[in-house]
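Peer 1: My structure is below; once you've seen it, I'll send some questions.
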Amino acid sequence: MNFRNNIFEVTNDVSGLRKTFLISFFAFFSVLFAFSQQKYSISGYIKDVETGETLIGATVYIKELQTGTAANVYGFYSLTVPEGSYTLVYTFIGFDEVTKQIELTEDIKINLEMQESSSTLDEVVISSEGDRPNVKNVEMSVSKLDIKTIEKIPALLGEVDVIRSIQLLPGVSTVGEGSSGFNVRGGAIDQNLILLDEAPVYNSSHLFGFFSVFNPDAVSNVKLIKGGIPSTYGGRLSSILDVRMKEGNSKKFAGEGGVGVIFSRLALEGPIIKNKASFIVAARRSYIDILAKPFLKGDLKDSKFYFYDLTAKVNATLNDNNRLFLSGYFGRDVFGADFGFNWGNSTVTLRWNHVFNKKLFFNATAFYSNYDYRLEVGDDTEGFNWKSRIINYSIKPEFTWYANPNNTVKFGGQSLLYNFVPGTASFSSGGVSNDISLPDKYALESSVYVSNEQKVGALITLQYGVRQSFYQYLGESVIYEFNDPEPGMRKMVTNIDSFEQWETINTYNNFEPRFSVKYQLNEVSSIKASYNRMAQYIHLISNTTASTPLDVWTPSTNNIKPQIADQVALGYFRNFGENDDYETSVETYHKWLQNQIDYIDGASLLLNPFLEGDLLNAKGRAYGVEFYVKKNTGKLNGWISYTLARTERKVDGINQGNWYANRFDKLHNFNIVGNYDFSKYVTFSASFVFSTGTPATFPTNRIELQGYIIPHNSEYKRNNYRIPPYHRLDLSVTLYRKKENPKNESNWVFSLYNTYGRRNPFSIYFQQNEDNPQVTEAVRYSILGTVVVAATYNFKF
């Protein structure tokens, strides 16, 4: 074998071009540093005056210099400017603008607390020149939803849901009800990096996709990045969903919750030490099993079907320069009657913020993440038992250097250790147990990155950087080498080798450049473009229409190459109206994908030690255009999004070697979300979705053999038909019970999901007619085929 290496060996195969690029990068930063020494810094934290929560993305604008910055995800900001007299304008959506006059003769710290606006929506005025982030920020292909917006969207059974909300945004789709995850710009669901306080979540759904794992009472901010992905992120090809938890009220004790048709929830938060340390604890549990128990008889009397989750966080301000955060999530779904089936996520994140000086901010993150499932049938005498999991351990230090108003530099690194447990399994027959487990797999993914956001004059802003990732597939393991058969056929084992614990089996490294540019046409419009290369070293093995909790994660190996994606995007952004009443954008993108996982016909995926012999290496491409119009002000507000897109694959030996539609390809995706504030006591909300049906492989003719009908695809085409289109209308009305203290208000939400009872097809399958076996029937399978009526009571105290 030529793969053997020690885990601590350092690879020296970075090309001369990469070295030159990095040397130039750091030389440039040195020049920036030299020129920034004669200036002074304004820095501090921006928080909510009522709760002490940091305001992520709050803007600080200097009128005289027509420049500014935004608070980072910890509420910290820093500006370095020449000595002088300045007017600072602090703004944040939904909060009163704050103006401060300062005389800058030395470095100063301004920690600011902002007051939530009491204005109604039709009175909102966006007046600061530092606003319009959708137009003026360099980032593109980014969607941000605050929890107040998410709460207004009609949802299944009236329950607020983060994942279902982002599916209403341009470029985001799903294969239908009952499917876990979501698809972004033609990517598979495993190509989305879903983060909860920076820890990855591998299964983002409860109840087979009907609800997300994120408790809305504990969520502060949701950000989806579809393109122009900064170098601080890596490991997935298509998108980053960054969900940030609340920190907990540091001023006073508070709580909120809700009682719904399917589950109830409760969140408590408050100060541990006032203005210094706080906590939040949020819990949910469904109770269909409790309500149904009196009606279950016989074999069903011991049925279990429920889910629960617990989200918790504490934070402490040690001094002006140091803060600590500890957060965790623990959730599980349990189903079973004469079998047992459960799955769940666990995450723990520890973070340390340190301010070295007015210009240098540091954050170190360490996390643990575990996703596991188990399936049990029968007992020790006659039965089957299967457990699987993926575990992560990681540490990530990151520095942010606010060099001057025109340059903000980020640099850092990450090391991530994977432990894959594809299957600890056994079956029993006649009291004899047989072990059919697969060995664990290990991998180490490391990376270093650097980026700079640079303003070039008044009109151009650049964001450029690079991420260098290093990957090692590690022992202890038995590896297989396979032959090279005809395209599309199963590969056979030609050699077997074994490796010791932590011995390097194979290595990969990838140079991942990132670049974005914005050109400001005028105060209300801009053009943006971006390019990013992403590498992904882990893969979800699934050949079903929709992902299921039983799908298995596997690392890149000597036989499975890392997935690579290159994406370019171009967009036009413009606001309309005296108060920027409307935000609009048009973005087009093209994505090229390498080393996509596909499968031979009849592939055996579960508990197969020779799985890699059933996998195929595919090329992919995805392209489309996204339209977005959002109304921000007035009694009527909401958005319309439309995506025209294609996602295709090409595999030697499949579909006669021609391009074919991916299983989650949808040509049209159209969404409308509207909210109407009838009064301060009543709000009406509606959403409508329409999408093209997903592709499917159907037989083109049939073979009759001894009275049996055998379907046959004579053209050997994959995904040669489409199921019917998907469309759905949801309605809700919210009745508010106002109190003197708005923080203690309560409300009732009455909702209709799938209002006109559309039987949207999840899949189509074929069967022989019971009365006439010579007749083949196409059967439409729908997860929901009727209207779902619900009521939820929400409260705060």
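The values are calculated or read from the model by the stated rules, or taken from the named source; none is laboratory data. Just so you know, these numbers come straight off a predicted model, no measurement behind them. Cβ sites come from the backbone with ideal geometry, for glycine too, and all protein chains shown count toward neighbours. Protein only, heavy atoms only, side chains kept; ligands, DNA and RNA dropped before computing areas. Shrake-Rupley method; radii C 1.70, N 1.55, O 1.52, S 1.80 Å.
Peer 1: Using θ = phi - 60° and the Karplus form 6.51 cos²θ - 1.76 cosθ + 1.60, what ³J(HN,Hα) does each residue of segment 776-781 get, whole Hz, x for Gly and Pro?
Peer 2: Per residue, the Karplus-derived 3J(HN,Hα) values read 9, 10, 8, 10, 8, 9 Hz.
Peer 1: Could you order the peptides 81-91, 383-393, 189-199 from most to least packed, using the average number of other C-beta atoms within 10 Å per residue?
Peer 2: Put in order of decreasing packing, that is 189-199, 383-393, 81-91.
Peer 1: Taking the Cβ of Arg389 as the center, what net charge do the other residues with Cβ under 14 Å away carry, scoring Lys and Arg +1 and Asp and Glu -1?
Peer 2: +1
Peer 1: Hey, any idea what % of segment 327-475's accessible area is carbon plus sulfur with a 1.4 Å probe?
Peer 2: About 60 percent, which is the carbon plus sulfur part of the accessible surface.
Peer 1: Suppose every Lys and Arg Cβ carries +1 and every Asp and Glu Cβ carries -1, with no other charges. What dipole size does segment 554-684 come out with about its Cα centre, to the nearest 20 debye?
Peer 2: Roughly 140 debye for segment 554-684.
Peer 1: Just going by the charge dipole of segment 504-594, with Lys and Arg at +1 and Asp and Glu at -1 on Cβ, which of Thr588, Ser516, Gln563 is farthest out on the positive end?
Peer 2: Gln563
Peer 1: Decide, for segment 37-129, between rounded, prolate and oblate: order the square roots of the alpha carbon gyration tensor eigenvalues as a ≥ b ≥ c, take rounded if a/c falls under 1.5, and otherwise choose prolate if a/b is larger than b/c, else oblate.
Peer 2: Because a/c hits 1.5 or more and a/b exceeds b/c, segment 37-129 counts as prolate.
Peer 1: Pop out the carbon and sulfur fraction of the accessible area of segment 562-609 as a percent, whole number, probe 1.4 Å.
Peer 2: 54 percent
Peer 1: If you take the charge dipole of the chain about its Cα centre, with +1 on Lys and Arg Cβ and -1 on Asp and Glu Cβ, which of Phe214, Leu615, Gly270 is farthest toward its positive end?
Peer 2: It is Gly270.
Peer 1: Where nothing but the Cβ of Lys and Arg (+1) and of Asp and Glu (-1) is charged, how large is the charge dipole of segment 37-129 around its Cα centre, in debye to the nearest 20?
Peer 2: Using Cβ point charges on Lys, Arg, Asp and Glu, segment 37-129 gives about 380 debye.
Peer 1: Shifting gears a bit: Residue by residue through segment 217-227, what is 3J(HN,Hα) from phi via Karplus (6.51 cos²θ - 1.76 cosθ + 1.60, θ = phi - 60°)? Round to whole Hz and write x for glycine and proline.
Peer 2: Rounded to whole hertz, the list is 5, 10, 9, 9, 8, 10, 9, 10, 10, 9, x.
Peer 1: Sticking with this structure for a sec: If a/c stays under 1.5 just call it rounded; otherwise compare a/b with b/c (prolate if a/b is bigger, oblate if not). Do that for segment 620-679, with a ≥ b ≥ c from the square roots of the Cα gyration tensor eigenvalues.
Peer 2: Prolate is the answer for segment 620-679, as a/c is 1.5 or above and a/b outweighs b/c.
Peer 1: Once phi is turned into ³J(HN,Hα) by the Karplus curve 6.51 cos²θ - 1.76 cosθ + 1.60 with θ = phi - 60°, what whole-Hz value does each residue of segment 74-90 show in order, with x for glycine and proline?
Peer 2: 10, x, 8, 9, 7, 10, 10, 9, x, 4, x, 9, 9, 10, 9, 10, 9
Peer 1: Ignoring any ligand, DNA or RNA, what whole percent of the accessible area of segment 37-129 comes from carbon and sulfur when the probe is 1.4 angstrom?
Peer 2: It is 46 percent, rounded to a whole number.
Peer 1: Given the rule -39500 (n - 2.57) for each run of at least 4 DSSP H residues, summed and divided by the residues of the chain, what is its mean residue ellipticity at 222 nm, to the nearest 500 deg cm²/dmol?
Peer 2: Only helices count here, giving -1500 deg cm²/dmol.
Peer 1: Determine the dipole magnitude for the chain: charges of +1 sit on the beta-carbon of Lys and Arg, -1 on that of Asp and Glu, nothing else is charged, the reference point is the Cα centre, and the result goes in debye to the nearest 20.
Peer 2: The dipole magnitude comes to about 1320 debye.
Peer 1: Which value, in Å², gives the accessible area per residue of the chain when a 1.4 Å probe is used on the protein heavy atoms?
Peer 2: I get 43 Å² per residue for the chain.
Peer 1: If you rank Ile505, Ile93 by how much accessible surface each has, with a 1.4 Å probe, what is the order from largest down?
Peer 2: Largest accessible area first, the residues go Ile93, Ile505.
Peer 1: Quick one: check the C-alpha center-to-center distance for segment 484-547 versus segment 660-710, whole angstrom.
Peer 2: The distance from the Cα centre of segment 484-547 to that of segment 660-710 comes to 28 Å.
Peer 1: Under a straight-distance cross-link criterion of Cα-Cα below 27 Å, which lysines are reachable from Lys304, leaving out those fewer than 8 residues away in the same chain?
Peer 2: Within the straight-line limit of under 27 Å, Lys304 reaches these lysines: Lys293, Lys387.
Peer 1: I've got another one for you. Considering only the other residues whose Cβ falls under 15 Å of the Cβ of Phe362, what net charge follows from Lys and Arg at +1 and Asp and Glu at -1?
Peer 2: +3
Peer 1: To continue, here is another question. In whole angstrom, how far apart do the alpha carbon centroids of segment 195-254 and segment 549-591 sit?
Peer 2: Cα centroid of segment 195-254 versus Cα centroid of segment 549-591: 17 Å apart.
Peer 1: Which of the pairs Lys274/Lys358; Lys441/Lys591; Lys148/Lys635 have their Cα atoms more than 19 Å apart in this structure?
Peer 2: Lys274/Lys358; Lys441/Lys591
Peer 1: Run a plain Debye calculation on segment 537-639 (Cα atoms as equal point scatterers, no solvent) and give log10 I(q)/I(0) at q = 0.12, 0.19 Å⁻¹, rounded to two decimals, same order as the q list.
Peer 2: -0.63, -0.94
Peer 1: So, one more: List the GluC sites (Glu not before Pro) in segment 369-474 that DSSP assigns to loop (not H, G, I, E or B) and whose Cβ has at most 15 other Cβ atoms within 10 Å. Which are they?
Peer 2: Glu382
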